[in-house]
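Down below is the structure, laid out as structure tokens.
Values in this text are rule-based calculations from the coordinates and carry no lab data. This is a predicted model, so every value here is computed, not measured. Note that we place each Cβ from the backbone using ideal geometry, even for glycine, and neighbour counts take in every protein chain shown.
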Amino acid sequence: MSRGISFEKHDHASCVNEALDVADQFCKAHKLQLTKVRRRVLEILLGQHKAIGAYDILAQLKAEGLGSQPPVVYRALDFLVSHNFVHKVEKLNAYVACSHSGQHHSPAFMICRMCDAVAEMQTSPKAGVFGATAREIGFEIENAVIEAEGICPSCQKDDAAQ
Ligand SMILES: [Zn+2]
Ligand SMILES: [Zn+2]
Ligand SMILES: [Zn+2]
């Protein structure tokens, strides 16, 4: 099962269930409260492998009667981001569910500029050319945001079909 390679066709229902299971278990093990709103926000983000803005999430919560004030969604997102269930995609100012929940990692994103699909890879910013250059100049990398923009396989197909 290749989670994280979200551009590929996969069994998305089990992809969502698995991620929710991981979150449930992690929160239980660490005595964290996965409240109804937090869990629902995670579920909304897991619904698509796309980045979703806070206000779109809020609109959905509102429609479901779970909350109507921005702090409700921002607090839930803060919780989910701080425990690595969700990442912020700076480039889109939006959020995406993590594909490697429960593992400590540095995410890197491939973002489709046509459909906003986001695929997450794991990277190690301290490795590779970037890390080597940093070491050379005596810089200690603590955190790196890697976001690559391009066109996903399905949008490339659509383009070719026209
Ligand atoms: Zn999926
Ligand atoms: Zn992640
Ligand atoms: Zn696309």
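Derived value for the chain: Kirkwood hydrodynamic radius 16.9 Å. Basis is the mean of 1/r over every pair of different alpha-carbon atoms.
Could you pull out the longest piece of the chain with no exposed loop GluC sites (Glu not before Pro) in it, calling a site exposed if DSSP puts it outside H, G, I, E, B and it has at most 15 other Cβ atoms within 10 Å?
65-139
Computed over neighbours whose Cβ is under 15 Å from that of LYS36, the net charge equals +2, Lys and Arg +1, Asp and Glu -1.
Using 23 Å as the Cα-Cα cut-off, could you pick out the over-long pairs in LYS9/LYS50; LYS88/LYS126; LYS50/LYS88; LYS36/LYS62; LYS50/LYS126? Among LYS9/LYS50; LYS88/LYS126; LYS50/LYS88; LYS36/LYS62; LYS50/LYS126, the Cα-Cα distance tops 23 Å for LYS50/LYS126. In summary, the helical segments of the chain meeting the span-like criteria, namely a full DSSP H run, a Cα extent along the axis of 24 angstrom or more and a mean Kyte-Doolittle hydropathy of at least -0.5, are 12-29.
Please state the relative contact order of the chain as a whole percent: Cα pairs under 8 Å, 6+ residues apart? It comes to 23 percent, rounded to a whole number. Residue order for THR133, THR123, THR35, fewest other beta carbons within 10 angstrom first, comes to THR133, THR35, THR123.
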